[in-house]
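The values are calculated or read from the model by the stated rules, or taken from the named source; none is laboratory data. Since the structure is predicted, the reported quantities are computational estimates derived from the model, not experimental observations. Note: ideal-geometry Cβ built from the backbone for every residue, glycine included; neighbour counts use all protein chains shown. Heads up: the accessible areas ignore ligands, DNA and RNA and are worked out on the full protein's heavy atoms, side chains in. Shrake-Rupley method; radii C 1.70, N 1.55, O 1.52, S 1.80 Å.
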Amino acid sequence: MPAIKLPDGSVRSFPNPVTIAEVAASIGAGLARAALAGKVDGRLVDTSFEIDTNVELAIVTDRDAEGLEIIRHSTAHLLAYAVKELFPEAQVTIGPVIENGFYYDFAYKRPFTPDDLVAIERRMADLAKKDLPVAREVWERDAAVAFFLAQGEQYKAELIAAIPADQPVSLYREGDFIDLCRGPHVPTTAKLKVFKLMKVAGAYWRGDHRNEQLQRIYG
C-alpha cells in the first residue's frame, strides 16, 4: 500500500501499486491532462512509472523547467520519426536538448533542403495529431544491437554496443519508430503542439572531425 507524499505536504495512500498518471488523475482531471512526467524521490520518470513503495512525488507539467526539457527532447524524437518516414534511407544518430531547443543528427546521401524542412515539420505535426502513445521498453543489449543493425542503423547500433553488457537498454516506441533513450518522454505525441525547424548545419559523428560528416537539423 504505497503512501505518496506530494509537494504540498499532503499524503495519498493507495491499496495497490499506482502509476504517475493514476496519481495525477486522483488529484484532478486538469492535472491528469497536464502531466508530462513525475519526479519520484528526485528522479524523473515517465507517467507510466509504477509506484509500489512510499515515496515523495511531484507531477511535472509544462510549467516546470524539467517539463520544457522533456517536451524539447520528445520533439527531437518526433523529428527523427518524421525524417525516417519521409527519408527511410536516412540513419539517425543522436538528438539532445540544447539551451533554446533541440537538434538531431542524421546521415543521409544528400543535403537536406529548405523544402525538406517544410515537409519534415508538416509530417511532425501530422504525427503529433495522431496522439500516439510514447512507451518505454527495456531490451537486452545484444538484442537491441541486432535490431538496429537489421534496420540499417549502424550509428545507433554502435551507441548501444558501447553500453556495458550488464546494463539495461532503454528504448522508446512511438508508432512505427523506436529510438534509444534514457527518457523520460511525454506520454503521447499529442503533448507536442508547438515547434519550428530552424536550420541545417554540418556535424561530425561523435564530434570528431576524423569521423563521418552528418547533417544536424535544429529546432
Worksheet item: Right, His73: in a helix (DSSP H, G or I), in contact with a Phe, Trp or Tyr (Cβ under 7 Å, 6 or more places away or on another chain) and open to solvent by 20 Å² or more (accessible area, probe 1.4 Å) or not?
Response: yes
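So, restricting to strands (runs of 3 or more DSSP E) that lie completely within the stretch 109-219, which ones have at least 1 residues that are among the acidic types (Asp, Glu)? Steps first, answer last, please.
Details: elements: 134-139, 169-174, 177-180, 199-204, 213-218.
In the stretch 109-219, the matching strands (runs of 3 or more DSSP E) lie at 134-139, 169-174, 177-180.
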Worksheet item: Quick check: anything in the stretch 23-40 farther than 19 Å from Arg63 by Cβ, open to solvent by 10 Å² or more (accessible area, probe 1.4 Å) and within 25 Å of the chain's Cα centre (by Cα)?
Response: no
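So which of Ala165, Ala150 ends up being without any contact (Cβ under 8 Å) to a residue 12 or more places away in the chain and either surrounded by fewer than 14 Cβ atoms within 10 Å (Cβ to Cβ) or of a type in the set (Lys, Arg) (or both)?
Details: Ala165 fails: without any contact (Cβ under 8 Å) to a residue 12 or more places away in the chain.
Selected residue: Ala150, the only one of Ala165, Ala150 that is without any contact (Cβ under 8 Å) to a residue 12 or more places away in the chain and either surrounded by fewer than 14 Cβ atoms within 10 Å (Cβ to Cβ) or of a type in the set (Lys, Arg) (or both).
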Practice prompt. Test Leu79 against the criterion of being open to solvent by less than 60 Å² (accessible area, probe 1.4 Å), part of a helix (DSSP H, G or I) and either in contact with a Gly (Cβ under 7 Å, 6 or more places away or on another chain) or aromatic (Phe, Trp, Tyr) (or both), and give yes or no.
Written response: yes
Worksheet item: Restricted to the stretch 85-107, and to residues that are assigned to a loop (DSSP other than H, G, I, E, B) and of a type in the set (Val, Ile, Thr), which residue is nearest to Ser74 (Cα to Cα)?
Response: Ile94
